[in-house]
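Just passing along the structure, written as structure tokens.
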Amino acid sequence: MKIKFFKREKNFSKKESLWLNINLYWELAVCFMFVMTALAVFFGYYLFMQINKEPVMPLNSGGEQVETVKKERIEKTLEYFSLQKQKSDQILNSPSSVIDPSL
């Protein structure tokens, strides 16, 4: 006598409606995310190539020089910093006045 513990069913699932087919929705979600990731990679590569084509410095025609900073502006800035240094030295070298709180 043979005892069978497990019976094989040929058809486990009933007729499923489209609303209850969860595996289909997961497959669609995974495919959608894969397509979006691929598009993002291609778009990033396209932007990189477009930016990489642009020159860093605009090319000037002929022997023109690149615009430089004027000498007056540099001297004005240096004067401002020298005045700040003088003020800082003056503050550091002056004796601090001690205020007596008991008065």
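The values are calculated or read from the model by the stated rules, or taken from the named source; none is laboratory data. Predicted model, so just to flag it, every value in this text is computed and none were measured. All Cβ positions, even for glycine, are placed from backbone atoms using ideal geometry, and neighbour counts span all protein chains on display.
Taking Phe42 and the conditions (1) of a type in the set (Phe, Trp, Tyr); (2) modelled with pLDDT under 95; (3) within 31 Å of the chain's Cα centre (by Cα), which numbered condition does it fall short on, given that it satisfies the others?
The failed condition is (2).
Here's the yes/no breakdown for (1) at pLDDT 80 or above; (2) at positive phi; (3) of a type in the set (A, V, I, L, M); (4) in contact with a strand residue (DSSP E or B) (Cβ under 7 Å, 6 or more places away or on another chain):
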position	(1), (2), (3), (4)
Asn11	no, no, no, no
Trp26	yes, no, no, no
Ala29	yes, no, yes, no
Met33	yes, no, yes, no
Gln50	yes, no, no, no
Asn60	no, no, no, no
